[in-house]
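Asks: Take this structure, written in structure tokens, and hold onto it; I'll ask about it next.
The values are calculated or read from the model by the stated rules, or taken from the named source; none is laboratory data. All figures in this text were calculated on a predicted structure; none of them were measured in a lab. Counting neighbours? That spans all protein chains shown, and the Cβs are built from the backbone with ideal geometry, glycine included.
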Amino acid sequence: MQRSNKRIQVLPPHVAERIAAGEVIERPASVVKELIENSLDAGATDIMITLEDGGKSLIEIIDNGSGIQPDDLATAIQRHATSKLQSLEDLDRIHTLGFRGEALPSIAAVSDLQILSKTANSNSAYELTGSTFSPLHEKNTIAPPKPVTFGHFINSTHGTRIRVQGLFSQVPARLKFMKSPAAEVSYVREWVERLALAHPETGFKLMSQDRTLLNLRPQSESERVKSVLSDGDECPILSETIDELHSRGFLLRVHWLQGLALPHTRRLAQVVNGRAVRDRLLQQAMLSAFRQSLLPGQFPAAALFIEIQPTLVDLNVHPTKTEIRFLRSQDLFHATQKAYEALLQRHGERVIVASAVQTARNNVLWSAQDSTPTQPRLDFGFQAPHPAASSTTPTPQPLSPLQELFSTSRWAGTLFNTYILYEKGDELILIDQHAADERIRYEQLRSRLSLKPEILGSQVLLIPEVVHFPAENRSEVESRIHYLEALGFEAELFSDEAILFRAIPSEWGTLMLKPRLKSLVDRLLALSDPSQHTSLDSAVFEALASEACHSAIRAGDRLLPEQIQSLFERLQRCEHPWNCPHGRPTIVRIQKSKFEEWFSRKL
Ligand code: ADP
Ligand code: MG
């Protein structure tokens with residue numbers, strides 16, 4: 001390697017600034033994030049973001065926050081200039097999103113920046129324009145801001161408009177890494193959504209090329225979570241609060257959009273003290289709670305809000321502050337996991353949402369013939385456990401929330417061959433037969449993981465099924481076939497390129513059997529190197545579970561009374577009876593008072 005004899009020299013300010021800016025400003029979305037955070041710190045209740053050309057030619061943010069004093073405008077773009085922190089001790093009680101004084105100088109270093117701002121007690125707005133900034137370090141050369149008329153860009157007597165033009169036009173290395181305008185817009189949108197989620201009390205509007213991409217009015221937290229995470233689909237939202245503020249210094253609020261399951265984790269949000277963050281540990285805690293309840297490879301739409309004493313968290317780990325460090329991370333991990341588990345266990349109590357009722361109302365649905373079921377009387381009273389051999393009187397086991405719900409309920413018929421109806425007190429309870437059956441099969445398959453092969457029930461096929469595979473995979477099939485046997489399949493190698501299935505697990509059902517077995521074999525082959533797994537059980541389970549739902553009872557299947565009874569009883573035994581493995585509700589409740597409303601019995 002050639003050694004250079006070049007002398008050490010301090011970089012000229014404009015070069016140093018542009019290099020430093022890269023830490024904070026990576027792409028248009030980072031500009032938008034920093035500027036929105038400033039608007040939020042300034043107390044804005046309305047923020048409008050406009051993009052042109054994916055943010056390459058223009059990023060404009062208008063807010064109705066407190067504004068910047070004319071005298072402070074030039075200081076605001078100096079490095080390490082901030083109004084949010086004065087001493088090192090303040091770092092322990094930061095309540096603002098910014099505090100490093102880096103965003104505006106970083107943006108100014110890589111773009112043409114204009115700031116127009118007005119405070120409530122000044123008569124005029126003042127504007128600082130791009131060409132007046134350079135070189136950044138020499139404050140003296142910055143021309144004083146000019147008074148301008150305060151256009152009524154927002155309905156307020158104070159506020160700020162920041163325009164960023166020609167982003168990275170002076171930094172070709174950065175410009176090269178910009179993606180298409182559409183891709184940059186979607187990064188921006190993602191950030192606006194995350195910040196909007198963390199600040200439901202503020203309205204957000206995002207425009208790109210004259211199109212409105214987002215328009216969120218000020219809302220409650222759960223409404224905002226729903227608007228941002230639901231992708232426009234109507235679904236119930238469940239929430240739970242764990243208050244450990246006095247004992248352990250934190251409070252958690254968790255929200256889950258029941259009914260949405262996605263093949264990615266982009267709808268998982270975390271907010272810590274009003275800051276949208278991404279923490280791997282917290283994400284694991286969220287997901288581990290859903291592991292028993294959603295299909296493998298499917299992720300929930302859920303939001304976690306943490307309020308924590310500022311002394312228990314270090315925000316200053318990363319320049320853009322998207323990563324944080326917790327002092328007692330294990331505590332938070334367990335509390336998060338517990339909060340979601342409680343939410344999943346706690347049943348569909350709050351599933352009685354307007355949307356469910358609304359749909360019912362729109363379809364005016366109760367036909368007379370459905371209301372006189374001829375089913376034999378079903379007894380839903382729950383018996384106390386059998387007395388033990390010993391002489392002690394058994395303590396009655398508490399009913400599960402689901403058993404509680406259905407105790408003293410009365411079967412009231414079936415609707416559309418899809419919903420099983422129960423009447424209880426002043427409520428109508430509906431079970432979705434397809435969703436319930438999916439849940440039951442899913443848990444039965446899962447329970448196989450812990451069973452010994454000899455207790456597994458298998459269903460012998462009258463005509464064995466042959467499934468072909470590419471001959472070059474023979475050795476893999478041979479070495480993995482016992483995993484299938486461990487789960488209740490009877491399968492053997494039939495030739496160099498085929499497996500013969502003689503029996504299948506009893507939950508599997510025989511509907512569309514051949515393609516499902518084919519896909520099972522494909523999945524078995526697609527498993528990564530088995531030597532990497534200590535146990536392949538769960539990997540094979542995933543292959544099995546994703547096929548299980550195909551065999552479930554469908555909506556529209558006419559069930560016999562004894563099938564209904566058995567479905568109902570098996571649902572009672574489920575660990576997570578309230579939702580199907582795709583996250584949709586299995587049970588929905590409608591109050592009698594709703595019926596009275598529909599029939600104008602009560603005003
Ligand atoms: P920081 O947010 O870390 O303080 P910035 O460089 O982002 O640093 O902003 C510098 C200062 O400019 C802020 O401390 C704040 O006083 C002021 N400022 C920036 N944007 C706004 C805004 N939209 N409204 C009011 N004040 C603002
Ligand atoms: Mg800032």
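Asks: Got at least one residue in segment 451-459 being in contact (Cβ under 8 Å) with a residue 24 or more places away in the chain and out of contact with any helix residue (DSSP H, G or I) (no Cβ under 7 Å at 6 or more places or on another chain)?
Replies: no
Asks: Among the helices (runs of 4 or more DSSP H) contained in segment 219-292, which hold 1 or more residues that are over 30 Å from residue 445 (Cβ atoms)?
Replies: Qualifying helices (runs of 4 or more DSSP H): 221-229, 245-248.
Asks: All but one of (1) of a type in the set (A, V, I, L, M, F, W, C); (2) near ligand 1 (Cβ under 9 Å from one of its atoms); (3) surrounded by fewer than 19 Cβ atoms within 10 Å (Cβ to Cβ) hold for residue 68, so report the exception by its number.
Replies: Checking residue 68 against (1) of a type in the set (A, V, I, L, M, F, W, C); (2) near ligand 1 (Cβ under 9 Å from one of its atoms); (3) surrounded by fewer than 19 Cβ atoms within 10 Å (Cβ to Cβ), the one that fails is (3).
Asks: When both residues are 6+ apart or on different chains and their Cβ atoms are under 6 Å apart, which pairs have a first residue that lies in segment 81-105 and is closer than 24 Å to residue 19 by Cβ, and a second that is more than 10 Å from ligand 2 (Cβ to nearest atom) and part of a loop (DSSP other than H, G, I, E, B)?
Replies: Correct list of pairs: 99/85; 101/80; 101/81; 104/77; 105/77; 105/79.
Asks: If you don't mind, there's one more thing I want to ask. Which of the numbered conditions does residue 11 fail, given that it passes all the others? Conditions: (1) in contact (Cβ under 8 Å) with a residue 40 or more places away in the chain; (2) away from ligand 1 (no atom under 14 Å from the Cβ).
Replies: Only one criterion is unmet by residue 11, namely (1).
Asks: Are any residues in segment 34-59 over 13 Å from residue 162 (Cβ atoms) and either among the β-branched types (Val, Ile, Thr) or under 25 Å from the mean Cα position of the chain (by Cα) (or both), and if so, which ones?
Replies: Within segment 34-59, 40, 45, 46 qualify.
Asks: Of the numbered conditions (1) farther than 22 Å from residue 575 by Cα; (2) modelled with pLDDT under 95, residue 433 satisfies every one except a single condition; which is it?
Replies: All conditions pass for residue 433, except number (1).
Asks: Look at residue 506 and say whether it is over 33 Å from the mean Cα position of the chain (by Cα) and at pLDDT 70 or above.
Replies: yes
Asks: I've got another one for you. How many of the residues in segment 71-101 are under 18 Å from residue 160 (Cβ atoms), touching a Leu at 6+ places or on another chain (Cβ under 9 Å) and more than 9 Å from ligand 1 (Cβ to nearest atom)?
Replies: 1
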